[in-house]
Amino acid sequence: MKLKKLMEEIKTVSEMNSETANLIVTGIADSSDSVSQGHIFVAINGFNQDGHQFIQEAIEKGACLIIGESEITGLTVPYLQVDSSRKALGILANKFYGTPSNHKLMIGITGTNGKTTTSYILKHILENNGKSCSLIGTIQNVINGQVKKSTNTTPSSLDLHGLISESKDEVVIVEVSSHGLSQYRVQGITFDLCLFTNLEHEHLDYHPTIEDYFQTKMLLFDHLKEGGQAIVNTDNHWGKRLVKILQGRGINVNSIGQSSNNKFKILDFNFKNSNLSVEDGDEANLIFSPMYGIHNMYNTLMAYVSARLVGLGEDSIIECISNFRGVEGRFEKTKLSNGAIIVVDYAHTSESILHCLTTAKQYGAKRVIHIFGFRGNRDQSKRQEMLTVTSGTSDQYILTMDDLNSVPQNEMIETLKSLNNLYGNEKGLIIPDRTLAIKWAIEHSNPEDWIIITGKGHETYQQNYRLQTNSDKETVLYFSNKKKHSRSN
C-alpha cells in the first residue's frame, strides 16, 4: 500500500515530498523487534521506554519510514513528525487493515467493573443463537474460536485492528479500558453498540481526578457508528449524568436501572433464587441467572439488552442466560469438604469488594473471611476505602501480598501494618504469604463460612510463595484437596 493512502488523515509538521508519498509500505510496527523490510516504525514515548531511542535499530531492520513526535534530522530514511504517535498509529492501522470494524457488528464495553462478565454472558447468548462471535478483553482474546493470550484489557491499536481484521466472526466484542481510550488504542474503530457498566474509585494513579476518569470513559461514545446505540446503567451518579449528555447529543440511549424512567426497568431482584425481573416494553420478563450477587444482575441485564438490540428474542436470551456457567476468576465458587464456601474474585475496588462480601451474607454465610492485598504500583488513594469496607463488613480479614511490581516486599509489609493500624480493627490479621493466608483461612473455616479471596481473579501470581502454586484458584484446589485427603485417613 502506498504511504500517501495511509497518511491521508494524519497531520504532519512538514509535508511529504512525492518520493516519500509513493513509498510502498509492507507493514507497521510500534516495536523495533517487530520491524521487517518495508515497514513503517512508529516511535511511541511509553511509560517505561521511549520508542524514539530505537529508531536506528528499526532502520537497520528495514524500516522504510519513521513516524515520531520528536524533532529529528539526519536519518537515512524519511521521518515524519506528528503531534501524537499513538493517534497516528491507530489511523495507520485502520487504513492498513482496511477499516475492519466497518465490516463487523461491533460492541464496545467500558466501565470500572463488569466489562468481562458482561462480555462473556453476551458472547454465550450470541453464539447459542447462531451468531459467531470474537471477544477481545482482559482474560483472553478469542478470534474465530481460537484462544489468544491477552496482555492488556484493550490491546494496542495496531494489535486491535489486526485482531478485528483476522476475525471471520459476525460479531466482535471489545472490552475498552480508560487506558485504551486515553492512549488512542481504539482510534479508527467504530461500534454499533457502546455499553457503560458503572464508574467507581479506580485508576487515580493514572487519571488526575475522578472527573478526568469519567471524561475518558465517555470518549467511547465518540466511536459510535451512525445510528449506533448506547446502553447505560443509571443506578449510579455517573450513569445518570452520562445519559443526559448522550441524549443531548441525539444518541439513542437504552438506560437500565431501578427508577421508572429507565427504558429497561429493574422491577425486582431475588437473591435467594438469583431471579431478575425486568420491564421490557409492555412485558415484565423474569430472568434466572446462575451467578450470585447484585453486581452480576446488572451484568446480566447489560448483556440481555445488548442481545435484544442485536435482534434476538427475549425467550431465547433468557434461556441462554439460565445455562451460563460463569467466568473464570469472577465470583468463582468452590465448596470445601467441611461445608465452607470459598470464592475467588477479581474485585479490586472498595465497591466491588463490598458487592462480594454482602453477596456472601445475602446467601447465608455464617462468617465472612476476606483475604486481599494492595498492588504495589496501583492507586494508593483507594486503599483506605478498601480496608474500611472489609473491616466493617467481614467477620475476619487477612491482609496479604498482591502484585508487588517494583515495590520491595518488606516495604509493602510495613504498608499493610500501617494501614491496618490506621483503618483496620481487631478482626484483621497480616499474613504476607498469599498461599499461607489462604491455608490459614481454610484451616480455620467452619460449615457455612464463606472465604472471599479478592484482587487476582483469573490472574497468575507474580511473586514466589511458600506453596508453588500459580494462582488463587490453584492454591484453593491444593488445600481443599489436601483437606479432603487428610480427613479420609
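The values are calculated or read from the model by the stated rules, or taken from the named source; none is laboratory data. Everything quoted here is computed from the prediction, not taken from an experiment. Note that each Cβ is placed from the backbone with ideal geometry, even for glycine, and that neighbours are counted across all protein chains shown.
Across the stretch 399-412, the qualifying residues are those that are within 26 Å of the chain's Cα centre (by Cα) and not in a loop (DSSP other than H, G, I, E, B), and the one among them that is farthest from G457 (Cα to Cα) is M412. Every test in (1) under 21 Å from the mean Cα position of the chain (by Cα); (2) among the aromatic types (F, W, Y); (3) farther than 18 Å from K240 by Cβ is passed by Y298 save one, and that test is (3). Selection of the stretch 429-449 for residues being part of a helix (DSSP H, G or I), closer than 12 Å to G373 by Cα and charged (D, E, K, R) yields only R434.
Checked against the criterion of being in contact with a Leu (Cβ under 7 Å, 6 or more places away or on another chain), charged (D, E, K, R), under 26 Å from T26 (Cβ atoms) and touching a residue at least 40 places away in the same chain (Cβ under 8 Å), the stretch 83-97 has at least one qualifying residue.
Quick one: in the stretch 152-183, which of the residues that are outside any loop (DSSP other than H, G, I, E, B) and free of Cβ contacts under 8 Å to residues at least 40 places away in the same chain is surrounded by the most Cβ atoms within 10 Å (Cβ to Cβ)? So, considering only residues that are outside any loop (DSSP other than H, G, I, E, B) and free of Cβ contacts under 8 Å to residues at least 40 places away in the same chain, the one surrounded by the most Cβ atoms within 10 Å (Cβ to Cβ) is G180.
When restricted to residues that are within 13 Å of G373 (Cβ to Cβ) and surrounded by 15 or more Cβ atoms within 10 Å (Cβ to Cβ), the stretch 392-406 contains 8.
For (1) farther than 30 Å from N270 by Cβ; (2) hydrophobic (A, V, I, L, M, F, W, C); (3) in the same structural domain as I139 (by TED's automatic domain parsing), each residue gets a yes or a no:
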| residue | (1), (2), (3) |
| --- | --- |
| H348 | no, no, no |
| T359 | no, no, no |
| G364 | no, no, no |
| V368 | no, yes, no |
| Q396 | no, no, no |
| D403 | yes, no, no |
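Restricting K225, K240, K265, K217 to residues that are modelled with pLDDT of 95 or more and in contact with an Asp or Glu (Cβ under 6 Å, 6 or more places away or on another chain) narrows the list to K225.
Those strands (runs of 3 or more DSSP E) of the stretch 22-133 in which at least 1 residues are at negative phi, in the same structural domain as G162 (by TED's automatic domain parsing) and surrounded by 15 or more Cβ atoms within 10 Å (Cβ to Cβ), considering only elements entirely within it, cover 105-110. On inspection, T388 passes the criterion of being touching a helix residue (DSSP H, G or I) at 6+ places or on another chain (Cβ under 6 Å), assigned to a helix (DSSP H, G or I), among the polar types (S, T, N, Q) and assigned by TED's automatic domain parsing to the domain that holds W450.
Set side by side, the residues V278, V243 differ, and just one is of a type outside the set (S, T, Y) and under 20 Å from D192 (Cα atoms), which is V243. Please verify whether the stretch 270-293 includes one or more residues that are small (G, A, S), touching a residue at least 12 places away in the same chain (Cβ under 8 Å) and either surrounded by fewer than 16 Cβ atoms within 10 Å (Cβ to Cβ) or in contact with a Cys (Cβ under 9 Å, 6 or more places away or on another chain) (or both). Checked against the condition, which is being small (G, A, S), touching a residue at least 12 places away in the same chain (Cβ under 8 Å) and either surrounded by fewer than 16 Cβ atoms within 10 Å (Cβ to Cβ) or in contact with a Cys (Cβ under 9 Å, 6 or more places away or on another chain) (or both), the stretch 270-293 yields at least one hit.
Filtering the stretch 184-217 to residues that are among the hydroxyl-bearing types (S, T, Y) and either touching a residue at least 24 places away in the same chain (Cβ under 8 Å) or in a helix (DSSP H, G or I) (or both) leaves Y184, T190, T197, Y206, Y213, T216. Among the criteria (1) surrounded by 19 or more Cβ atoms within 10 Å (Cβ to Cβ); (2) under 13 Å from I451 (Cα atoms), the one R367 does not fulfil is (1).
A quick yes/no check of all residues on (1) surrounded by 16 or more Cβ atoms within 10 Å (Cβ to Cβ); (2) of a type in the set (D, E); (3) at pLDDT below 95:
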residue: Q409; (1), (2), (3): no, no, yes
residue: Y423; (1), (2), (3): yes, no, yes
residue: E426; (1), (2), (3): no, yes, yes
residue: R434; (1), (2), (3): yes, no, no
residue: K439; (1), (2), (3): yes, no, no
residue: N446; (1), (2), (3): no, no, no
residue: W450; (1), (2), (3): yes, no, no
residue: H458; (1), (2), (3): yes, no, yes
residue: Q462; (1), (2), (3): no, no, yes
